[in-house]
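Have a look at the structure below before the remarks.
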Amino acid sequence: MPAREPVRLRRLGLPLVLAAVAAGIAFGMWKYLSPGGGATEFRLARVERGNVTSVVSASGTLNAVTTVLVGSQISGQIKELLVDFNSVVKSGQLLARIDPETYAIRVRQAEADLEAARTAAIQKHSDAAAQRSQLLRAKITYDDAKRDLDRKQSLVEKGFVSGAELDKATFTERGAAEAIRTAEAQVKSADAQVANAAAVVKQREAALAAARNDLSKTAITAPVDGVVISRQVDAGQTVAASLNTPTLFTI
């Protein structure tokens, strides 16, 4: 029994040695092939500053986040066309211009109408002042006629003047009182004309503002930042904005 023990150990030891050698070889290969394994390598390059760009690939149809239809609220002929397809535009940038001549004439006409209305209003104020002056004179005349009537009544009671003089003074006082009422009515009428003239001035101012607003709309501007993806008009084409707002550009 003791003589067989070394043989058994030798038979068990050889596989163990082979297994250890294989494990060592596998570990060495793994260490060499793993990241950072083997010899350290270096790459030299110049230090540069730049932007990091991320590229995303996609398939399908591209749709804009916001699509704005640019139209015209007024009618007229396209006089200038300043952008085209794929033009990058900024908010407020001029895209096209409708012939402004007709609208400029309307502005000048509205300005003339407003000036005439203001002149008429000044005249009405002057007339009202004249009517107030007439009322003041009528009141002064009445006061004088009233004092004369009072004197005549006192003199008649004392027998110094005849009744005819008293009647004459009475008629004069009544006529002066009637003149006051007439002057007051004329003052009210003059004040009404002043108010009407002021209203006409406001109407002319509103008409001028509307004409200027239409003139400003001859300039077609971009409402947002973006890219022109559609242009549906050409220079010289007439735009008719009667019922529906025509679309000129899509941004």
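The values are calculated or read from the model by the stated rules, or taken from the named source; none is laboratory data. What you see is a predicted model, and the numbers here were worked out from it, not measured in a lab. Glycine also receives a Cβ, built like all others from the backbone with ideal geometry; neighbour counts cover every protein chain displayed. Note: areas computed on protein heavy atoms with side chains; ligands, DNA, RNA excluded. Shrake-Rupley method; radii C 1.70, N 1.55, O 1.52, S 1.80 Å.
Remarks
- Leu248 meets each of the listed conditions (1) touching a residue at least 40 places away in the same chain (Cβ under 8 Å); (2) among the hydrophobic types (A, V, I, L, M, F, W, C); (3) surrounded by fewer than 18 Cβ atoms within 10 Å (Cβ to Cβ) apart from (3).
- Checking Glu184, Glu173, Glu165, Glu157 one by one, the residue that is among the acidic types (Asp, Glu), farther than 30 Å from Tyr103 by Cα and exposed (fewer than 13 other Cβ atoms within 10 Å of the Cβ) is Glu157 and no other.
- Contact map, the stretch 121-136: residues that are closer than 10 Å to Ala190 by Cα paired with residues that are surrounded by fewer than 16 Cβ atoms within 10 Å (Cβ to Cβ) and aliphatic (A, V, I, L, M), Cβ distance under 9 Å, separation 6+ or inter-chain. Pairs shown: Lys124/Ala195; Lys124/Ala198.
- Criterion applied to Val233, Val227 was being within 50 Å of the chain's Cα centre (by Cα), closer than 30 Å to Leu94 by Cβ and surrounded by fewer than 16 Cβ atoms within 10 Å (Cβ to Cβ), and the one residue passing it is Val227.
- When the stretch 98-112 is filtered for residues that are open to solvent by less than 70 Å² (accessible area, probe 1.4 Å) and either basic (Lys, Arg) or in contact (Cβ under 8 Å) with a residue 40 or more places away in the chain (or both), the ones remaining, listed by number, are Ile98, Asp99, Pro100, Tyr103, Ala104, Val107, Ala110.
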